[in-house]
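*Asks:* Got a structure for you, questions after.
The numbers here are math on the coordinates, done by the rules we state, and not lab data. As the structure is a computational prediction, the values presented were derived from the model and not from experiment. Positions of Cβ are generated from backbone atoms using ideal geometry, with glycine treated the same way; all protein chains shown enter the neighbour counts.
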Amino acid sequence: MTAVDAVAKEGIYVGDGLPTLPPAPESIEETGLTLDFLADLTLKTLYVRGTLLGSELSDQLKLPHFNVLEHVLKFLRDEEFIEVRRGYGQFSTQWVYGLTNKGFVRARELMEQSSYVGPAPVPIRVYTDYIERYQVPWEGLTEQVLREVLSDLW
């Protein structure tokens, strides 16, 4: 048994040799971020990308469980920062969201503070907890094993 096989046997890796992924957060609390942070990131995303379907926003922010984003969108609608421009179905994933004038002003202010737009970040404490919990056992990993595994790269 090679070191790679031993690592795979430990359950750290899935069948294709890639590390298993942590579960996607199902609530705002599970993201490790605040409602305000996610609301600001959503506003900046709409500012840069324009109107988006709820499902597109979810994809842009990499929040696959839409119920996380749904709470953020409700908050932003209640605060009159965003509005539903149109809908293609009964579910909020199928609604098109856009900034209101108030939202546009707020998003521009936020962009001056930080122009980051993209996936919702993973807080460092969440990342380190995952890394510590799922450390790969490197026992038996030698230079020879590495050469064998990487031999097709040179």
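*Asks:* Provide the descending list of Cα extents for the stretch 27-148 along its principal axes, expressed in whole angstroms.
*Replies:* Between the extreme Cα coordinates on each principal axis of the stretch 27-148 lie 61, 35, 27 Å.
*Asks:* Would you mind calculating the gained length between Gln144 and Asn101 on full extension (0.36 nm times residue separation, minus the Cα-Cα distance), in nm to one decimal?
*Replies:* The Gln144-Asn101 span can extend by a further 9.2 nm.
*Asks:* In terms of modelled amide H atoms, which long-range or inter-chain residues lie less than 5 Å from the amide H of Thr100?
*Replies:* Residues meeting the criterion, in which the H sits 1.01 Å from N, are Ile82, Glu83.
*Asks:* If I take every Cα pair under 8 Å that is 6 or more residues apart in the stretch 72-152, average their sequence separation and divide by the length, what percent do I get for the relative contact order?
*Replies:* 17
*Asks:* If R0 is 30 Å, what FRET efficiency do you get for Glu56 and Val126 from their C-beta distance, rounded to 0.05?
*Replies:* 0.75
*Asks:* When only C-alpha pairs under 8 Å and at least 6 residues apart count, what is the relative contact order of the stretch 26-120, in percent?
*Replies:* The normalised contact order for the stretch 26-120 reaches 38 percent.
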